[in-house]
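Data block below; observations after.
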Amino acid sequence: MQRGLKLTPVRRRILEIVWRAHGPVGAYDILAELAKERAKAAPPTVYRALDFLIDAGLVHRIDSINAFIGCDKPARAHIAQFLVCRKCHRVMEIDAPGINRLLAEKSLAAGFRIEPTSLEIKGLCGECEDA
Ligand SMILES: [Zn+2]
Ligand SMILES: [Zn+2]
């Protein structure tokens, strides 16, 4: 794994669960999956591991739908931009460095330090729009 990242078995397993979901997944879905293999799995275990994976840039939190998603460009730190379908909760990460550059510029001018975060843009995905 990049940057010599140390993953404990639980963290690695949770990362696998998030990745395998191929879409946003809730903390309690992760817990349910983990509990099949680890009788002692508890919410704090899951939340601590998710915090670690988020800090490492491997997973993003989607606040507006209270779910987590694997990052497909984990090699570098970035403010993630997501298109979130308000109907089916499908999530797409878009890569628009121009948006981040502009944000950095504007926040600097305002004397404001942005913390690692996700931009969530609500709308309708192609399938829901057609339906
Ligand atoms: Zn990302
Ligand atoms: Zn949709």
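Odds and ends about this structure:
- Condition check for Arg101: of a type in the set (D, E, K, R) and more than 24 Å from Leu124 (Cβ to Cβ): yes
- Test: residue in region 29-50 that is within 16 Å of ligand 2 (Cβ to nearest atom), in contact (Cβ under 8 Å) with a residue 12 or more places away in the chain and under 28 Å from Arg11 (Cα atoms): no
- Top-ranked residue of region 70-88 - restricted to ones that are at pLDDT 90 or above and in contact with a helix residue (DSSP H, G or I) (Cβ under 7 Å, 6 or more places away or on another chain), ranked as farthest from ligand 1 (Cβ to nearest atom): Lys87
- Test: residue in region 26-48 that is in a loop (DSSP other than H, G, I, E, B) and under 30 Å from Glu129 (Cα atoms): yes
- Only one of the numbered conditions (1) within 29 Å of Pro9 (Cα to Cα); (2) crowded, with 19+ Cβ neighbours inside 10 Å; (3) within 16 Å of ligand 2 (Cβ to nearest atom) is not met by Val25, and that is (3).
- Scanning region 99-106 turns up one or more residues that are within 16 Å of ligand 1 (Cβ to nearest atom) and β-branched (Val, Ile, Thr).
- If the condition is being touching a residue at least 12 places away in the same chain (Cβ under 8 Å) and either in a helix (DSSP H, G or I) or within 28 Å of Ser64 (Cα to Cα) (or both), then region 4-20 contributes Val10, Arg11, Arg13, Ile14, Leu15, Ile17, Val18, Trp19.
So that you can scan it fast, the table gives a plain yes or no per residue for (1) of a type in the set (D, E, K, R); (2) surrounded by fewer than 12 Cβ atoms within 10 Å (Cβ to Cβ); (3) more than 16 Å from ligand 2 (Cβ to nearest atom):
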position: Ala21; (1), (2), (3): no, no, yes
position: Leu53; (1), (2), (3): no, no, yes
position: Phe68; (1), (2), (3): no, no, yes
position: Lys87; (1), (2), (3): yes, no, no
position: Ile99; (1), (2), (3): no, no, yes
position: Ala109; (1), (2), (3): no, yes, yes
position: Leu119; (1), (2), (3): no, no, yes
position: Gly126; (1), (2), (3): no, yes, no
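The values are calculated or read from the model by the stated rules, or taken from the named source; none is laboratory data. Everything quoted here is computed from the prediction, not taken from an experiment. For neighbour counting, all protein chains shown are included, and Cβ atoms are generated from backbone atoms with ideal geometry for every residue, glycine included.
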